[in-house]
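Asks: Handing you a structure now.
The values are calculated or read from the model by the stated rules, or taken from the named source; none is laboratory data. What you see is a predicted model, and the numbers here were worked out from it, not measured in a lab. Heads up, the Cβs are rebuilt from the backbone with ideal geometry, glycines too, and the neighbour counts pull from every protein chain shown.
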Amino acid sequence: MAKNNFQKYYGNDRASKVVYGTILIYAYLISQHYTNHFTPASLMFGTFFASVAIVIAEIYAEIIGKTIKQKKPLTKQQRSEIEQDSFAIISVSLWPSFIFLLSYLGIYNTQVAFNISYIFLITTLVVFSYWASRLSGFSAKRSVLTSLIVSAIGVTVVFIKYFVGH
């Protein structure tokens, strides 16, 4: 039953949106980690607002792209589908905010919160890349390989963004 619900929700291109959001939140955290100008509260709010900004940007871009492609305004149902698909990003990208909330509350220090967030985001990248590959019809073996390659590319993009984007 859980697999069917998971497949029902992430069965379209939502898994790819999760991968996209994960990479962007990961890049945000890497950039914050190396500035050394942060507090658990600033990281909690920063990851929250970064997640919201990513979703808003995704909705905006999708609406513009589909409107241009169709050459006419989108229907209310089409806009609703875009919004629902884009909120898949939030389903994963808000977790680091919760992780830093626990750090703010003194459950663990900020470095531990970064480590937990990195592990969570890399795991998310691997799992959703695997899932997207399986939904595309690839075998389990090929999906494992694909997810590892996609995850390596994602991590590389994060570091390129960090080193070139500053």
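Asks: Can you pull out every residue in segment 54-98 that is in a helix (DSSP H, G or I) and among the hydroxyl-bearing types (Ser, Thr, Tyr)?
Replies: Residues of segment 54-98 that are in a helix (DSSP H, G or I), as a first pass: 54-70, 76-86, 90-93, 95-98.
Result: Tyr60, Thr67, Ser80, Ser86, Ser91, Ser93, Ser97.
Asks: On to the next question. Within segment 108-131, identify whether any single residue is over 18 Å from the mean Cα position of the chain (by Cα), surrounded by fewer than 17 Cβ atoms within 10 Å (Cβ to Cβ) and modelled with pLDDT under 90, and answer yes or no. Full working, then the answer.
Replies: Taking segment 108-131 and keeping what is over 18 Å from the mean Cα position of the chain (by Cα), we get 108-112.
Now drop any that are not surrounded by fewer than 17 Cβ atoms within 10 Å (Cβ to Cβ), which leaves 108-112.
Cutting the leftovers down to modelled with pLDDT under 90 gives us none.
There is no residue in segment 108-131 that is over 18 Å from the mean Cα position of the chain (by Cα), surrounded by fewer than 17 Cβ atoms within 10 Å (Cβ to Cβ) and modelled with pLDDT under 90.
Asks: Let me ask you something else. Which of the residues spanning segment 61-97 are within 30 Å of Leu29 (Cβ to Cβ) and of a type in the set (A, V, I, L, M, F, W, C)?
Replies: Hits for segment 61-97 are Ala61, Ile63, Ile64, Ile82, Phe87, Ala88, Ile89, Ile90, Val92, Leu94, Trp95.
Asks: Please go through segment 32-51 and give me each residue that is assigned to a helix (DSSP H, G or I) and loosely packed, with under 15 Cβ neighbours inside 10 Å, ordered by number.
Replies: Applying the first criterion (assigned to a helix (DSSP H, G or I)) to segment 32-51 yields 32-33, 40-51.
The answer is Ala41, Ser42, Phe49.
Asks: Let me ask something else about it. Please go through segment 124-139 and pick out each residue that is part of a helix (DSSP H, G or I) and touching a helix residue (DSSP H, G or I) at 6+ places or on another chain (Cβ under 7 Å).
Replies: Answer for segment 124-139, where residues must be part of a helix (DSSP H, G or I) and touching a helix residue (DSSP H, G or I) at 6+ places or on another chain (Cβ under 7 Å): Thr124, Leu125, Val126, Phe128, Ser129, Tyr130, Trp131, Ala132, Ser133, Arg134, Leu135.
Asks: In addition: Listed residues Ile149, Ile116, Ile160; which is in a helix (DSSP H, G or I), β-branched (Val, Ile, Thr) and either touching a Lys or Arg at 6+ places or on another chain (Cβ under 9 Å) or closer than 22 Å to Asp13 by Cα (or both)?
Replies: Residue meeting the stated conditions: Ile149.
Asks: Count, please, the residues in segment 132-154 that happen to be buried (at least 18 other Cβ atoms within 10 Å of the Cβ) and under 29 Å from Leu43 (Cα atoms).
Replies: Of the residues in that region, 4 qualify.
Asks: So Gly154 ticks every box in (1) part of a loop (DSSP other than H, G, I, E, B); (2) within 12 Å of the chain's Cα centre (by Cα); (3) not charged (D, E, K, R) but one. Which box is left unticked?
Replies: (1)
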